[in-house]
1. Grab the beta carbon distance between residue 148 and residue 63, set R0 = 25 Å, and tell me the FRET efficiency rounded to 0.05.
2. Which of the pairs 67/87; 67/91; 100/176; 63/156; 104/171 have their Cα atoms more than 18 Å apart in this structure?
3. Which of the GluC sites (Glu not before Pro) found in segment 33-80 are loop residues per DSSP with 14 or fewer other Cβ atoms within 10 Å of their Cβ?
4. Kindly state, to the nearest 0.05, the FRET efficiency for residue 100 paired with residue 73, given R0 = 25 Å and r defined as their beta-carbon distance.
5. Take 75, 142, 68 and order them by how many other Cβ atoms sit within 10 Å, fewest up front.
6. Which chymotrypsin sites (Phe, Trp or Tyr not before Pro) in segment 76-162 sit in a loop by DSSP (not H, G, I, E or B) and have at most 14 other Cβ atoms within 10 Å of their own Cβ?
7. At a Förster distance of 25 Å, what's the computed FRET efficiency of residue 91 paired with residue 43, Cβ-Cβ distance as r, to 0.05?
8. Distance from the Cα centre of segment 55-82 to that of segment 96-140, in angstrom?
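None of the figures in this text is laboratory data; all of them are computed from the coordinates on show. Nothing here was measured: the structure is a model prediction, and the numbers come from that model. No Cβ is skipped: glycine too gets one built from the backbone with ideal geometry, and neighbour counts run over all protein chains shown.
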Amino acid sequence: MSGEFKIYTKTGDDGTTGLVGGSRVKKYDLRLESYGTVDELNASIGVIRSYDNGSDVEELLLKIQNKLFNIGSRLASDEKGKEFTDKLVVKTEDVEMLEKAIDKYHETLPELSNFILPGGELSAAQCHMARTICRRAERRILEFSEQTPVEPELIKFINRLSDYLFVLARKLGHDKGIAETNWKY
């Protein structure tokens, strides 16, 4: 982006917001619920990045945040806006990137034989929070996809991201010597 833009435009004072492409929809529209939840997820991952989790984790989280921004842009695009956002695709390689990280982290973790309670140290707990936001984003996107086509790889990425965040929570706790708390029923 070039040039400075104004933070407030007053165009949303009537309860609508503009999409990429120019059309306006109500602020409670399912499209906004979808990309707004992706934005919330992105902010939550930003909190995870604020902890010292190592450069490899930091690098991957930055890639994820950029991909989430692309996803939000895609979801925020009307038909006219697609010409601006068509290049912001989620590819099979993006899903595979998450799968490789999950597999790599999993190699160093103790076997999971119980459900575990979210928590542990702060960065791990934040991963669990981000995971639940990711699951909500997935639900909103799936619901939205029933009325407007959404790329299958985008949905796969969000689904795999929640798995990644779960395994990352386990990894961060394990790396910092924090024991997992099993669910006691």
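1. 0.40
2. Check vs 18 Å cut-off fails for 100/176.
3. Here the GluC sites (Glu not before Pro) that fit, given the DSSP loop and packing criteria, are 79.
4. Between residue 100 and residue 73 the formula returns 0.50.
5. Listed from fewest to most nearby Cβ atoms, that is 142, 68, 75.
6. Of the chymotrypsin sites (Phe, Trp or Tyr not before Pro), the ones in loops of segment 76-162 whose Cβ has at most 14 other Cβ atoms within 10 Å are 115.
7. Taking R0 as 25 Å, the efficiency between residue 91 and residue 43 is 0.55.
8. A separation of 19 Å, based on Cα centres.
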